[in-house]
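Since the structure comes first, as structure tokens, the remarks are kept for the end.
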Amino acid sequence: MFSIIQAAGWPIWPLVACSVLALALVIERFSSLKTPKVAPPKLLDEAITVSRASVPSPDVVSQLEQNSLLGEVLASGFRALNANPRISEDDLRSTLEGAGRQAAHKLERYLAALATIASAAPLLGLLGTVIGMIEIFGSQAGAGGAGNATGGNPAQLAQGISIALYNTAFGLMVAIPSLIFWRYFRARVDGYLLTMELAAERFVRHLNTLRK
């Protein structure tokens, strides 16, 4: 593999950097988008259960906030109700919507970078191929002289073309997995956002029963 990278020349190094960055982003997103860290299935029911009669204590709210992203959204409702027991339903809903937007921003973190790598990698591979082809044909024409534009060793020319095409191949090798993982994470984030939106709507109705 290292010999191929050496043969492909300097244009392949940006692709190598993109591949390392893409791998790091994929690992980070897999770690951050686990269900227990985003929206534990039973968290909403537990939050409603502990607040049947009144708003929980600040310690319980802090634990809820540290539980997950959904916990942050639910905790914002408890904090708003603690700060103003007579808060209106619209203000309460706006508070949860604001917390939801912050959670959505965290869920979508680095997805734009992964999409950029998926889009740029084939172009970087094509750039490396074009540069390699220019150098190859330039050297072959120079070796052939004015009377023989096809001078030089045909085998060397074919080898040079194959080496130049390594850039395109490597660009696709980086772009295709990046695109697949981006679409996977995008779908997963959309699913989490829908879950959190439905949970927040149900939680607002519950908090309305606690307002004084």
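The values are calculated or read from the model by the stated rules, or taken from the named source; none is laboratory data. It should be emphasised that the depicted structure is a prediction, and the values quoted were computed from it without experimental measurement. All Cβ positions, even for glycine, are placed from backbone atoms using ideal geometry, and neighbour counts span all protein chains on display.
For the structure I just gave you, tell me whether Glu46 is surrounded by fewer than 16 Cβ atoms within 10 Å (Cβ to Cβ), part of a helix (DSSP H, G or I), in contact (Cβ under 8 Å) with a residue 40 or more places away in the chain and not small (Gly, Ala, Ser).
On the way: surrounded by fewer than 16 Cβ atoms within 10 Å (Cβ to Cβ): yes; part of a helix (DSSP H, G or I): yes; in contact (Cβ under 8 Å) with a residue 40 or more places away in the chain: no; not small (Gly, Ala, Ser): yes.
Taking the combined requirement at face value, the residue does not satisfy it.
Here are Ile87, Ile136: which of them is surrounded by 13 or more Cβ atoms within 10 Å (Cβ to Cβ), at pLDDT below 90 and assigned to a helix (DSSP H, G or I)?
On the way: Ile87 fails: assigned to a helix (DSSP H, G or I).
Within the list Ile87, Ile136, the selection yields Ile136.
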* With (1) in contact (Cβ under 8 Å) with a residue 40 or more places away in the chain; (2) more than 20 Å from Leu207 (Cα to Cα) as the list, and His105 as the residue in question, which single condition is left unmet? -> (1)
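Does Ser76 satisfy the condition of being in a helix (DSSP H, G or I) and touching a Gly at 6+ places or on another chain (Cβ under 9 Å)? First the steps, then the outcome.
Details: in a helix (DSSP H, G or I): yes; touching a Gly at 6+ places or on another chain (Cβ under 9 Å): yes.
Answer is yes for this residue.
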* Structure fact -> Within the stretch 52-84, the residues that are surrounded by fewer than 22 Cβ atoms within 10 Å (Cβ to Cβ) and either aromatic (Phe, Trp, Tyr) or touching a Ser or Thr at 6+ places or on another chain (Cβ under 6 Å) (or both) are Ala80
